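The values are calculated or read from the model by the stated rules, or taken from the named source; none is laboratory data. It should be emphasised that the depicted structure is a prediction, and the values quoted were computed from it without experimental measurement. Positions of Cβ are backbone-derived with ideal geometry, glycine not excepted, and every protein chain shown enters the neighbour counts.
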Amino acid sequence: MKASYAVQCCDIGKKYRIESKEFWALRKININIEEGERVGIIGRNGAGKSTLLKILSRLVYPTEGRAEITGRVASLLEVGTGFNMELTGRDNIHLNASIHGMEGDEIRSIFQQVVDFSGVGEFIDTPVKHYSSGMYMRLAFAVSAHLDPDILIMDEVLAVGDLSFQKKCLSRVEGLANSGRTIIFVSHSMGDIARFCERVIWIDKGRIKFDGDSLEAISKYEEEVNPKQSVMTNDSIRKGTGNARIVKVHHYGPLASQPEAMRTGESCEIELDYIVYADYERVFDVFACIIFTNDVGKRVFAVPSEVLPVDLTRIGKSGTLTCRIGRLPLVPGSYALTISLLINNQLVDKLEMVSSIKVLDGDFYGTGKLPLKSMGDICVDFDWKVETKLTPVKNELKQGYVDKEDGVGM
Amino acid sequence: MTEKRSKTKQTIVIEPRKSIKLLDVKEYIKYRSMLKRMVRREIKTKFDDMKLNVLWNLVRPLSVTAVFSIFKHASGATTGESAPYPIFIYSGLIIWYYFTDATQESASSLRKDAGMIKKVYFPRLIIPAVPVISNLILLGIAFVPLLIMMMAYGVKISWTVLLLPLVIAQCGALSLGVGVLFASISLRNRDFEQLLSLMLYIGLFVSCVYFSPNLFQGPMALLIKLNPMAATLQSFRACLGSTETFPLLWWLYAVLVSASSILIGLVAFNSIEKELADRL
């Protein structure tokens, strides 16, 4: 066994017995994780992700197999474990850190950092029952973030607090990752997984289904969880005359190696394979349109061919219509496509919400700062500038401006 | 943060639980600050919930003492002890209440802190050990009226008072053993929680809280003496000078029972530990 492995699992299995019925929650799990690796674990609910995490966190014993973990583990299956409402922030920091195995001196040495990071400031000696839920979560995460582990096991704990705190949390975890800590991260958010992890282990029905490059894993996983309805067999949900039909929808991202990975700010192509059934004497105009709908059913934008000076009339009997988007403005998430095709001003085929596309994080602005979903559905090109006036600003305008700090919500 | 990284990294082995490993002492030493903090949490929350908790804690033994003292005075009943009855009954009550509170809280502690047990690894026995330690504070507070009464009655203290910490430690050990045992078996079957509270309720009457074992002769006296808590109570009183001699052999029997109770508790806990997080 090589010494540089942080985690080695050898044939780990876990059997549960529910009302005299036995089943294996995990079986034959073999994973070697090197020091400093960032590994994401994905899978459907009940696939065994949590069981694996619990075994690695030493909360449950495996039924078979053996694992070795080298280094100090901080397992964040929840933040603020053991927090007590009656105790002050100070006492809770000590209590929570000690539950995670820190000793008195170590806790004292991180104490101030935790307080600063959480931003609870003067309220550190107030019982946490008086805290707002945001403050409470910030304090709880702050302790977790300063446990100083060699191996950090996280179960979707990043989604705490307000936006600015979330960003702080993410950058803290990124900082830990960059300083050589091993990170094992379970999440249902493919965006977070893609951002953090270079390697992804996909667990399905208690076994490892895929272990490798994260983008490849995510696209395979996405494909299975949201199977692309490329071929439309059910004609009842179609509209239009049926003189022509779209039979297949493909979409491609910019990389040939990962054709399914579409990213914000990068190019993509959507191909529509069609067959024309009617015998047109003359095709004088053809329009195609794709509408992008987000996961709450709101239309985000459309790409109608009729606004462009393109001529699609030479369609023949079958072929492919291709729409190319230069810089995909969609923020990361899933989107459904509604596709319509008009020939000679007649709707021949319309497919509502047929194909789901997954957009991953991308560097739209080229600044290394990723767009956030909470800022809206699309990114646009923009610029900011400032012009200084030479005449002084009137006094009343100055007074009207109040410096608004983040309230503590007591 | 980076300079601390030079520490040699420990390797943890995760394996199916097969062999019996009663107590990983090193692990408990490593987590001693958790024990300290948990005890602090218990004490703080006990006193923060009710501002008058200190007084309420005293009201219970004091009122029982008053009622029984009046009964005894009015009925002229004998207790079999020469010591002043209020001191006899109060000293018995406070150590008995310590035992029952510690045992009961210890037995229900795993369920109470299930949230922690399911989310973070730590040596599990810290949880049932906490009430045994935190309740010592209440026992300490209950000593104040006892000392006042002892001064009022002019009770003389002999060298046996030095044995007091040992007797209290033995009592704590017994409550830890019984607590861990019931915490473990009640995870499989909750009926044992009821059984424990019944046992502790009956125990109040058979453990020489209200009377002295000297009242009984023959087989009944032997039966009374089989109860280790009766030994603890009589030893506790002897340390405080309210009974004549320290019952050394009887107390050593109680020590033996306490030690075995811890061993039995550990074995029971061992059999449940591998499925602990699944059962809670």
Review point. Do we have B:I157 as more than 30 Å from B:R279 (Cα to Cα) and either in contact (Cβ under 8 Å) with a residue 24 or more places away in the chain or within 14 Å of chain A (Cβ to nearest Cβ) (or both) here?
Key: yes
Exercise for review: Only residues in segment A:54-67 that are at the interface with another protein chain (Cβ under 7 Å from one of its Cβ atoms) and within 16 Å of A:F23 (Cβ to Cβ) count as the first member; pair them with residues that are basic (K, R) and outside any strand (DSSP E or B), Cβ under 6 angstrom, at least 6 apart or cross-chain, and list the lot.
Suggested key: A:V60/A:K54
Revision key, fill the gap. Of the residues in segment A:339-382, those that are surrounded by fewer than 16 Cβ atoms within 10 Å (Cβ to Cβ), modelled with pLDDT under 80 and assigned to a strand (DSSP E or B) number 1
Practice item. Would you mind stating whether A:G89 is out of contact with any Ser or Thr (no Cβ under 8 Å at 6 or more places or on another chain), surrounded by 20 or more Cβ atoms within 10 Å (Cβ to Cβ) and among the small types (G, A, S)? Key: no
Exercise for review: Check A:D155, A:D125, A:D148, A:D162 and return the single one that is touching a strand residue (DSSP E or B) at 6+ places or on another chain (Cβ under 6 Å) and at pLDDT below 85.
Suggested key: A:D155
Point to revise | Selection count, segment A:1-53, where residues are more than 14 Å from every other protein chain (Cβ to nearest Cβ), more than 24 Å from A:E216 (Cβ to Cβ) and either at pLDDT 85 or above or assigned to a strand (DSSP E or B) (or both) | key: 1
Point to revise | B:K112 being within 14 Å of another protein chain (Cβ to nearest Cβ) and in contact (Cβ under 8 Å) with a residue 40 or more places away in the chain | key: no
Review point. For residues in segment A:111-129 being part of a helix (DSSP H, G or I) and over 22 Å from A:S164 (Cβ atoms), which is nearest to the other protein chains (Cβ to nearest Cβ)?
Key: A:K129
Review point. Of all residues in segment B:79-117, which are polar (S, T, N, Q), outside any helix (DSSP H, G or I) and touching a helix residue (DSSP H, G or I) at 6+ places or on another chain (Cβ under 8 Å)?
Key: B:T79
Check your understanding: If you scan segment B:88-142, which residues turn out to be farther than 16 Å from B:G177 by Cα, buried (at least 22 other Cβ atoms within 10 Å of the Cβ) and among the small types (G, A, S)?
Key -> B:S91, B:G92, B:A142
Point to revise | Subset of segment A:182-191 (residues that are touching a residue at least 60 places away in the same chain (Cβ under 8 Å) and either surrounded by fewer than 24 Cβ atoms within 10 Å (Cβ to Cβ) or under 18 Å from A:S75 (Cβ atoms) (or both)) | key: A:T182, A:I183, A:I184, A:F185, A:V186, A:S187, A:H188, A:G191
Review point. Inside segment B:159-256, counting only helices (runs of 4 or more DSSP H) that do not spill past its ends, which hold 3 or more residues that are of a type outside the set (F, W, Y) and under 18 Å from the mean Cα position of the chain (by Cα)?
Key: B:164-188, B:191-206, B:228-239
Review point. For segment A:70-84, does any single residue satisfy the condition of being facing chain B (nearest Cβ under 7 Å), of a type in the set (S, T, Y) and in a loop (DSSP other than H, G, I, E, B)?
Key: yes
Practice item. Return the total of residues in segment B:21-51 being in a loop (DSSP other than H, G, I, E, B) and without any contact (Cβ under 8 Å) to a residue 12 or more places away in the chain. Key: 2
